[in-house]
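Heads up: the structure comes next, in structure tokens.
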Amino acid sequence: ATLEKAYTANRANAAEASRMAADHGDRHRAAADRAMADRSRHLLAFDGRGAGLATEVFGDLARADRVAVLVPGSDTGLDTYGRFRAAALALHRQLVAEAPAGTRTAVVAWLGYETPGTVSTTVATTDRADRAAPELRDLVADLRRITGPGTRLSLLCHSYGSVVCARAADGLDVADIALVGSPGTGADTAA
């Protein structure tokens, strides 16, 4: 029931953000936010300010045996969220198809930080990753409270998102961290 309340409240936030964007003449953003407000969406978090933040769930998070969290890289915001969402949805479908019988899976698309632009000075520093790492740690703690004690939680971190994951990794309660297209993490060791 608590998850459903969060999903409902965040869809309402997305609907309000869509109205505000439309009132300001931003049709593209209004459409993106309106799509987020659809009743089929499971938004654990939504913030329509700036480039926008969202945490979307695919699958039954509360009953999942395995949860994969996708952490995006540069140039990801609500205006480009469709690509990120499509990747999360495809991953969820693949995990469901390949999971052992009786294994329940969920995927969390975490756009929980302001990603840097690929062609910008912000991508060349760890500033945004340093600010995002505590948010990712909070998400993992929240997921641990929502899921069962035996749930296997994994992070899949793309591009600049791998820097975020590296900054959050020390002592993080996850089974796996996979870095994809990483520009480098500053880690001294890898396993």
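Taken together, the values in this text are just the output of simple stated rules run on the coordinates, not laboratory data. In this text, all values refer to a predicted model and were calculated from it rather than measured experimentally. Positions of Cβ are generated from backbone atoms using ideal geometry, with glycine treated the same way; all protein chains shown enter the neighbour counts.
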Checklist outcome for this item: Looking across segment 70-97 at residues that are touching a residue at least 60 places away in the same chain (Cβ under 8 Å) and within 12 Å of the chain's Cα centre (by Cα), the single one that is farthest from Glu4 (Cα to Cα) is Gly73
Checklist outcome for this item: Pairing a residue in segment 6-29 that is buried (at least 17 other Cβ atoms within 10 Å of the Cβ) with any residue that is assigned to a helix (DSSP H, G or I) and of a type in the set (Gly, Ala, Ser), where Cβ atoms lie under 7 Å and the two sit 6 or more apart in sequence or on different chains, gives Ser18/Ala30; Ala21/Ala30; Arg29/Ala21
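Specify the residue that is surrounded by the most Cβ atoms within 10 Å (Cβ to Cβ); the eligible residues are those in segment 55-69 that are among the hydrophobic types (A, V, I, L, M, F, W, C) and in contact (Cβ under 8 Å) with a residue 60 or more places away in the chain.
Residues of segment 55-69 among the hydrophobic types (A, V, I, L, M, F, W, C): 57-58, 61-62, 64, 67-69.
Among the residues that remain, those that are also in contact (Cβ under 8 Å) with a residue 60 or more places away in the chain are: 61-62, 64, 67-69.
Details: Leu61: 20, Ala62: 16, Ala64: 24, Val67: 26, Ala68: 23, Val69: 24.
This residue is Val67.
Report yes if Arg128 is in contact (Cβ under 8 Å) with a residue 12 or more places away in the chain and either part of a helix (DSSP H, G or I) or over 12 Å from the mean Cα position of the chain (by Cα) (or both), otherwise no. Steps first, please.
Values: in contact (Cβ under 8 Å) with a residue 12 or more places away in the chain: yes; either part of a helix (DSSP H, G or I) or over 12 Å from the mean Cα position of the chain (by Cα) (or both): yes.
Considered against the rule, which asks whether it is in contact (Cβ under 8 Å) with a residue 12 or more places away in the chain and either part of a helix (DSSP H, G or I) or over 12 Å from the mean Cα position of the chain (by Cα) (or both), Arg128 comes out as yes.
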Checklist entry - If you scan segment 150-173, which residues turn out to be without any contact (Cβ under 8 Å) to a residue 60 or more places away in the chain and either closer than 15 Å to Ala106 by Cα or surrounded by 15 or more Cβ atoms within 10 Å (Cβ to Cβ) (or both)? => result Val163, Ala166, Arg167, Ala168, Ala169, Leu172
